[in-house]
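Visitor: Here you go, one structure.
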Amino acid sequence: MLKIGIIGCGKIIIKHLNAIQKLKKNLNLVSVCDVELFKAKKIANKLNIKPYSNYKEMLKNENLDLVSLLTPHGFHLKQYLEISKFKINCIIEKPLAIKFNDAKKIKQRSKEIKKKIFVVKQNRFNPTLKYFNDLNKKKIFGNLFLGNATIRWRRNEKYFNQAKWRGTKKLDGGVIANQASHHLDFLIHTLGKVKSVHAMGSKFLAKNIEAKDTLIANLEFEKNKYASIEATTATSPEDIEGSISFLGTKGTIIIGGFAMNELIYCKSSNKIKKNKFILSQKNINSTSNHKKFYDFVIKNYNNNKIINKNLDLAVHVSEVIEAINKSAETNKLIKLKN
């Protein structure tokens with residue numbers, strides 16, 4: 001059994017708590033921490049565990065095997081460098097970092113102390129995305145050459161006022177980093193490394209935030225592949241979709257719904273084995289996928305090959321996020337260095 005602690009008691013912690021509770025045969029949650037101690041106490045009192053307001057004190061006092069870092073993205077590097085002093089394996093909420101250099105430093109430090117990092121990518125466990133992966137491995141769609149992600153959600157001033165870090169360039173990173181990083185991750189996971197980006201964007205709904213709430217970006221990948229992202233938190237009057245699609249030389253798939261959870265279109269010149277469960281999925285959010293993510297952590301806890309591959313991809317996602325934001329600010333094509 002792995003002893004685990006959590007740093008950061010914001011909105012996302014509920015999904016992590018539910019997941020850990022469902023896996024209590026393998027995970028023992030012993031402590032939670034937040035700079036606002038009342039938040040940690042509220043959770044700790046319900047679960048009969050220890051609350052902290054200082055994560056370094058928590059790591060010193062508790063003999064943890066694993067810690068989940070659920071704090072704003074812009075804090076990840078500084079906090080991980082402190083966590084690394086205690087030589088503890090770490091789960092980090094998406095994205096790994098907003099800045100490429102921050103992500104590289106996190107990776108380098110994890111290698112130095114020989115400890116594992118798992119970046120939360122729960123949407124990869126959507127039944128629809130797994131179905132696509134299975135078909136793609138069999139080359140059902142032929143050679144994929146074009147991808148698209150469309151994120152049309154609504155986050156008004158009330159949402160951004162819930163926490164001071166929301167909507168800031170330094171800690172939030174904008175609509176791509178905070179809302180569309182899962183979609184960007186899956187585009188990269190599927191199509192490979194990005195060579196260059198060109199983006200533009202603005203603010204339309206939440207006028208008082210620092211970062212852009214609407215952004216479009218064109219991505220050029222290696223091996224002559226391309227993709228586009230349209231991401232906004234200014235949709236009216238409500239959330240519409242979080243969709244992803246891929247076009248190949250032999251077929252096309254469109255996965256829609258709120259969170260890439262509905263199969264909209266799937267056809268190929270190759271024969272496709274229909275999945276009745278996938279075809280029946282309608283309007284189901286992927287809230288249970290955090291449990292599947294923690295399952296993945298448990299099952300691959302000592303699989304360094306998978307851990308390193310996913311960490312490399314997370315670093316590249318951070319590189320692309322920074323490039324997209326830079327391109328949107330300068331209206332210039334940004335070529336990536338890798």
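The values are calculated or read from the model by the stated rules, or taken from the named source; none is laboratory data. These figures come from a predicted structure and were not determined experimentally. Glycine gets a Cβ as well: all are built from the backbone with ideal geometry, and neighbour counts include every protein chain shown.
Visitor: Give the residues of the stretch 215-239 that are touching a helix residue (DSSP H, G or I) at 6+ places or on another chain (Cβ under 7 Å) and under 25 Å from TRP165 (Cβ atoms), sorted by residue number.
Guide: Scanning the stretch 215-239 gives LEU215, ALA217, ILE229, ALA231, THR232, THR233.
Visitor: Could you list all residues from the stretch 286-328 that are in a loop (DSSP other than H, G, I, E, B) and in contact with a Leu (Cβ under 8 Å, 6 or more places away or on another chain)? Explain how you work it out, then say what you get.
Guide: If we filter the stretch 286-328 for residues that are in a loop (DSSP other than H, G, I, E, B), which is where we start, we get 286-288, 300-303.
Matches in the stretch 286-328: TYR301 only.
Visitor: Let me ask something additional. With LYS41, LYS24 as the choices, which residue is in a loop (DSSP other than H, G, I, E, B) and free of Cβ contacts under 8 Å to residues at least 60 places away in the same chain? Lay out the reasoning, then the answer.
Guide: On the way: LYS41 fails: in a loop (DSSP other than H, G, I, E, B).
Answer to the selection: LYS24.
Visitor: If you don't mind, there's one more thing I want to ask. Being modelled with pLDDT of 95 or more and of a type in the set (Asp, Glu) narrows it down to one of GLU220, GLU262, so name that one.
Guide: Numbers: GLU262 fails: modelled with pLDDT of 95 or more.
Answer to the check: GLU220.
Visitor: So which residues in the stretch 86-95 are in contact with a Leu (Cβ under 8 Å, 6 or more places away or on another chain) and either charged (D, E, K, R) or buried (at least 20 other Cβ atoms within 10 Å of the Cβ) (or both)? Step through it out loud before you land on a result.
Guide: Residues of the stretch 86-95 in contact with a Leu (Cβ under 8 Å, 6 or more places away or on another chain): 86, 88-93.
Within the stretch 86-95, ILE88, ASN89, CYS90, ILE91, ILE92, GLU93 meet the criteria.
Visitor: Any idea which of GLY167, GLY174 is free of Cβ contacts under 8 Å to residues at least 60 places away in the same chain and closer than 19 Å to LYS94 by Cβ? Steps first, answer last, please.
Guide: Details: GLY174 fails: free of Cβ contacts under 8 Å to residues at least 60 places away in the same chain.
None of the others qualify; the one that does is GLY167.
Visitor: Filter the stretch 68-115 for residues that are in a loop (DSSP other than H, G, I, E, B) and under 20 Å from LEU336 (Cβ atoms) and give the result. Walk me through it before giving the result.
Guide: Initially, the stretch 68-115 is screened for residues in a loop (DSSP other than H, G, I, E, B), giving 70-72, 85-88, 93-99, 114-115.
Answer for the stretch 68-115, where residues must be in a loop (DSSP other than H, G, I, E, B) and under 20 Å from LEU336 (Cβ atoms): LYS94, PRO95, LEU96, ALA97, ILE98, LYS99.
Visitor: In the stretch 1-21, which residues are closer than 19 Å to ILE92 by Cβ and not in a helix (DSSP H, G or I)?
Guide: Correct list: LEU2, LYS3, ILE4, GLY5, ILE6, ILE7, GLY8, CYS9, GLY10, LYS11, ILE12.
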